[in-house]
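The values are calculated or read from the model by the stated rules, or taken from the named source; none is laboratory data. Everything numeric here is computed off the predicted structure, so don't read it as measured data. Because the Cβ atoms are built from the backbone with ideal geometry, glycine has one as well, and the counts that use them run over all protein chains shown. Note: accessible area is taken over every heavy atom of the protein model, side chains too, but ligands, DNA and RNA are not part of it. Shrake-Rupley method; radii C 1.70, N 1.55, O 1.52, S 1.80 Å.
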Amino acid sequence: MKAFRSAMCGIVFNLAVTLLCGPSQATAQVTPPEQYLGFAPGADFHLMTYEQAMGYFEHIAAQTDRMLVLDMGETSEGRAMKYGVISSAENLARLDHYKDISRRLSLVRDVTDEEARRLAEEGKTIVWIDGGLHGTEVAPAQLLPQLAYDLVTGSERQATMIRENVIALLVFANPDGMTIVSDWYMGNVGTPYEVSRIPWLYHKYVGHDNNRDSFMANLIETQNMNQAHSREWYPQILYNQHQTGPFPARIWIPPDAEPTNPNVHPLIVRWKSLIGTAMGKAFEENDQPGAISRIRYDTWYPGYATQVVDGHNVASILTETQLYRYATPQHFTVNDFPEAHRDLIKGVFYPNPWPGGWWRIGDAVAYNSTACKAVLEVAARYRYEMLYDKYKAGADVIERFTGEPPYGWIVPADQPDRSSAALLVQRMMINGIDVYTADESFEHNGINYAAGTFILPTSQPFGLFLKNILPAGVFASVAGIGQSRGLGGQSVASVRRRRLDAADSDGSGTLADDVTVDSPGDGSRPHRAGRACLRWWQFVRVRSRRQQQHDGSDAAARGGRSSQVDEPAVHAGRSEICRRNLRQLRAGNPSGPSTMLRMPRIGLHRAWVASMDAGWMSYVFDTYGIPFQALTNASIRAGDLAARFDVIVLADQGASQIIDGHRKGTIPPDYVGGIGDEGVIELREFVQNGGTLITNNSSSDLPIEHFDLPVKNILDGVPADSFNCPGALLKAEFKTDHPLAYGMPERGMVFFSRGRVFEIGEDDDEEEDDVEEEDSEDDEILVEIVATYPDEWLLLSGWMIGDEMIREKAAALDVSYGEGKIFLFGFNVHNRAQARSTMKMLFNALLYR
């Protein structure tokens, strides 16, 4: 009877609260996503666009006091990049207060341990959940509207606890790509090409490579997100959802595979494993088999979205859900599994194998939903611990690097490439790093530094991020490490920097709040100089030193290019700017003949087998104001290329992809095939008639194999256990008196990632060319080595085996072919717009006429 009276009292109390307060605004009028969209998120054969998803976010935000929609900037295609913020109405009413608590605990300074514990008790866990970074990995982005609805309206204990203790940020990481993929798929649903590969990038510039931009922040979307999580919200957890799970498992979850990144606080490693274990438990409770851990996905490479925030003492979570294709279902049997998985053996990190059956996008959405809610529940249950531990991790980093090296890095004000130095500092600041400028000159390790020198100390809470990115690192052969890309970023290779080897640099500094990257025409070589030339001059004469064989009246060796000795002709009002840029382009060589330089008409090949490198190349051209035209397969086959272009660029793409393209029947007919044999002939005629062909890395195979060049790639057919370099900085030597290497040091570096290495030999092929030549002199092929790998240990940063195989071999070639030129770059000359130390060679190749 007593129990009955107690229960009745509870019912009466709840009824009284309901009568007094009325129905919750959060649940009374909120529209379910299927009602707004016309289909449920995860429905077969349906993909929503970003506009539909964000329309729903804004629709329900207007219906509830538990959700806000905020704007973090624009996308590459000009869309507003918005995101949702979900918590209780009370928490959202004090949002700035909780953001400030998270900021103070993350930045550590001026917060005592006692105060940190008080703030952790008061604060709320901030959790960042994004989806759709890779546009074709559709399920995570399709989930977010459903997740928003569940978090706003859920009345069960889990949802209530999450709203009370957590502030959830729901982010569409690639809005443009979400719409691009949806439009492509929905346009093909019900046709034979329903699951065909999209023939263009699912981002204006980079497609799948946007995750590789996370540390560099070249892309505006990356800048938006890095600013948001590392300078505004300071979350305790960042959950980055992907969808390429290891078959036949349904989802990969932490704990991560080895090796682990050594520059991560151990508390963060523990939190990641704890969260992953909670996910696994949730899958078993929800009867969702197939969750696997501890294989394939490691945390070594520091450049991904997750690893960037690891260095910011954020517990980053990556999952990889199984993907078929878009929103089309597929049935699998055990016979479709790899043989090693057909026995369905259970293991510690795969305790409930998936037995096969139908797999739908709705299943992937459901798995991601379970994972997201598990992450949020951990954040709610361990709110105090997560807030305090982020403070502790930051305090530990400050204490560590107050007493041990490296104490930081010095970036001198006087740089051979001031633009790259300013860019480095600016990107570090976007990533939440404190940068100081020296108020006056100072001496360190016997070297004098001028006022204005940048100082980046590691004794700051995100110091481990600096230690990840700025130093070079050479790594031993550890299992799995061959898939890493090294800790030393090629983007900072062109910036002169020195380790700070004492805690006190003997100089006072002011915390910088912004750094301006130099504008075109400031004289910083070579990037801004080239940009100024290409943007401002229609016709100019640029003084440039040629090799002896290019001098005098040997017009044939120059491919008919004229030579003059006039001073640069510049328009009034631009004289001084142009002269400063010319001084940089001449690389300090004022003597020698001048060459007429005309603004080149540039064609960049864009195949229907979408190339990320071509996307990055277009980003470089757009960034530096270099006009170009996208050159399609059909446009190349149409011929008469020399009448339309001076320069044609082939991005890093294999010859077979360029020539053959998509097979018939695999994609709508408009996108079948490549340039074909006729396109190869047209490219040959283009060069023979005086055009310039620039190749990057694997596209070098095309002229080598099809233009009968006396050149071979010595790595062709070499097994990976004999030579392997998946991404590293290598020493190189440059012929600095060659126009292709103007501005380069005699000894420098290149970024090498599965590249080509050249050897010159005699052409023993006596067969006639497919294209008849009018003049036998035009058949002469002259090959000149512009860059080589020295005869010594080559590795500067990263990992490789078999370096002795490429010593004293060619890295870049200048091939005179008929009246034209072929420039073969065997390394990644611009690599994701990050390899700024060699990007000048690309500009030189464009300008060299």
Legend entry - the range 618-642 - residue that is aromatic (Phe, Trp, Tyr) and modelled with pLDDT of 95 or more and, of those, least open to solvent (accessible area, probe 1.4 Å): Phe621
Legend entry - Close pairs (6 angstrom Cβ cut-off, 6 or more residues apart or separate chains): more than 21 Å from Ile785 (Cβ to Cβ) and open to solvent by less than 20 Å² (accessible area, probe 1.4 Å) in the range 706-724, at pLDDT below 95 and of a type outside the set (Lys, Arg) anywhere: none
Legend entry - Residue list for the range 822-837, filter: under 15 Å from Thr788 (Cβ atoms) and touching a Phe, Trp or Tyr at 6+ places or on another chain (Cβ under 7 Å): Leu824, Gly826, Phe827
Inset, instruction - May I ask you to verify whether Pro262 is free of Cβ contacts under 8 Å to residues at least 12 places away in the same chain, surrounded by fewer than 19 Cβ atoms within 10 Å (Cβ to Cβ) and more than 25 Å from Asn368 (Cβ to Cβ)? - result: yes
Inset, instruction - May I ask you to verify whether Glu58 is assigned to a helix (DSSP H, G or I), out of contact with any Phe, Trp or Tyr (no Cβ under 8 Å at 6 or more places or on another chain) and at pLDDT 95 or above? - result: yes
Inset, instruction - Might you check whether a residue that is open to solvent by 10 Å² or more (accessible area, probe 1.4 Å) and part of a helix (DSSP H, G or I) occurs anywhere in the range 131-148? - result: yes
Inset, instruction - Starting from the range 621-634, take each residue that is closer than 14 Å to Arg606 by Cβ and list its partners that are assigned to a loop (DSSP other than H, G, I, E, B) and among the aliphatic types (A, V, I, L, M), counting only C-beta distances under 8 angstrom and pairs at least six apart or across chains. - result: Asn633/Ala607; Asn633/Ile675
Inset, instruction - Looking for whichever is within 25 Å of His229 (Cα to Cα) and not in a helix (DSSP H, G or I) here; the options are Gly394, Gly432, Gly452. Which one fits? - result: Gly432
Inset, instruction - Could you tell me whether the range 388-406 includes any residue that is under 29 Å from the mean Cα position of the chain (by Cα) and at pLDDT below 95? - result: yes
Inset, instruction - Take the range 201-253 and flag every residue that is within 21 Å of Glu74 (Cα to Cα) and hydrophobic (A, V, I, L, M, F, W, C). - result: Leu201, Val206, Phe215, Met216, Ala217, Leu219, Ile220, Met225, Ala228, Trp233
Legend entry - Lone unmet requirement of (1) in contact with a Ser or Thr (Cβ under 9 Å, 6 or more places away or on another chain); (2) part of a helix (DSSP H, G or I); (3) crowded, with 23+ Cβ neighbours inside 10 Å for Gln426: (3)
Legend entry - Residues satisfying the stated conditions in the range 31-57, i.e. open to solvent by 40 Å² or more (accessible area, probe 1.4 Å) and free of Cβ contacts under 8 Å to residues at least 12 places away in the same chain: Glu34, Gln35, Gly38
Inset, instruction - Being at pLDDT 80 or above, in contact with a Phe, Trp or Tyr (Cβ under 7 Å, 6 or more places away or on another chain) and assigned to a loop (DSSP other than H, G, I, E, B) is the filter here, so list the residues in the range 503-520 that pass it. - result: Ala512
Inset, instruction - Sort through Phe734, Phe752 and tell me the only one that's modelled with pLDDT of 95 or more and under 24 Å from Gly820 (Cβ atoms). - result: Phe734
Inset, instruction - From Asn352, Asn368, grab the single residue that is part of a loop (DSSP other than H, G, I, E, B), in contact with a helix residue (DSSP H, G or I) (Cβ under 7 Å, 6 or more places away or on another chain) and either closer than 19 Å to Ser293 by Cα or aliphatic (A, V, I, L, M) (or both). - result: Asn352
Inset, instruction - Being within 30 Å of Arg836 (Cα to Cα), hydrophobic (A, V, I, L, M, F, W, C) and not in a loop (DSSP other than H, G, I, E, B) is the filter here, so list the residues in the range 397-418 that pass it. - result: Phe401, Trp409, Ile410, Val411
Legend entry - Output for the range 68-98, where each listed residue is open to solvent by less than 30 Å² (accessible area, probe 1.4 Å), in contact with a Leu (Cβ under 8 Å, 6 or more places away or on another chain) and not small (Gly, Ala, Ser): Tyr83, Val85, Ile86, Leu92, Leu95
Legend entry - Filtered residues of the range 111-130 (kept if of a type in the set (Val, Ile, Thr) and either in a loop (DSSP other than H, G, I, E, B) or modelled with pLDDT under 95 (or both)): Val111, Thr112
Inset, instruction - Kindly provide the set of residues from the range 632-657 that are in contact with a Leu (Cβ under 6 Å, 6 or more places away or on another chain) and either closer than 30 Å to Asn188 by Cα or in a loop (DSSP other than H, G, I, E, B) (or both), ordered by number. - result: Ala655
Legend entry - Among (1) touching a helix residue (DSSP H, G or I) at 6+ places or on another chain (Cβ under 6 Å); (2) surrounded by fewer than 16 Cβ atoms within 10 Å (Cβ to Cβ), the one test that Val680 misses: (2)
Legend entry - Met1, sole failed condition from (1) modelled with pLDDT under 50; (2) under 19 Å from Val152 (Cα atoms): (2)
Inset, instruction - Count, please, the residues in the range 643-657 that happen to be surrounded by 18 or more Cβ atoms within 10 Å (Cβ to Cβ) and more than 25 Å from Arg754 (Cα to Cα). - result: 3
Inset, instruction - Can you tell me which residue among Thr179, Thr191, Thr244 is closer than 29 Å to Val672 by Cβ, among the hydroxyl-bearing types (Ser, Thr, Tyr) and not in a loop (DSSP other than H, G, I, E, B)? - result: Thr179
Legend entry - Residue that is surrounded by the most Cβ atoms within 10 Å (Cβ to Cβ) [pool: residues in the range 435-449 that are free of Cβ contacts under 8 Å to residues at least 60 places away in the same chain and assigned to a strand (DSSP E or B)]: Tyr449
Inset, instruction - Residue by residue through the range 784-809, note down the ones that are over 24 Å from Leu683 (Cα atoms), open to solvent by less than 20 Å² (accessible area, probe 1.4 Å) and without any contact (Cβ under 8 Å) to a residue 60 or more places away in the chain. - result: Ala787, Tyr789, Pro790
Inset, instruction - List every residue pair whose Cβ atoms lie under 8 Å apart, where the two residues are 6 or more positions apart in sequence or sit on different chains, the first residue falls within the range 331-348 and is closer than 14 Å to Pro289 by Cα and at pLDDT 95 or above, and the second residue, located anywhere, is among the small types (Gly, Ala, Ser) and open to solvent by less than 70 Å² (accessible area, probe 1.4 Å). - result: none
Inset, instruction - Inspect the range 226-248 for any residue being touching a Cys at 6+ places or on another chain (Cβ under 9 Å) and more than 22 Å from Pro461 (Cβ to Cβ) and give the result as yes or no. - result: yes
Legend entry - Qualifying residues in the range 114-130 (those that are under 17 Å from Tyr382 (Cβ atoms) and acidic (Asp, Glu)) - the one least open to solvent (accessible area, probe 1.4 Å): Glu122
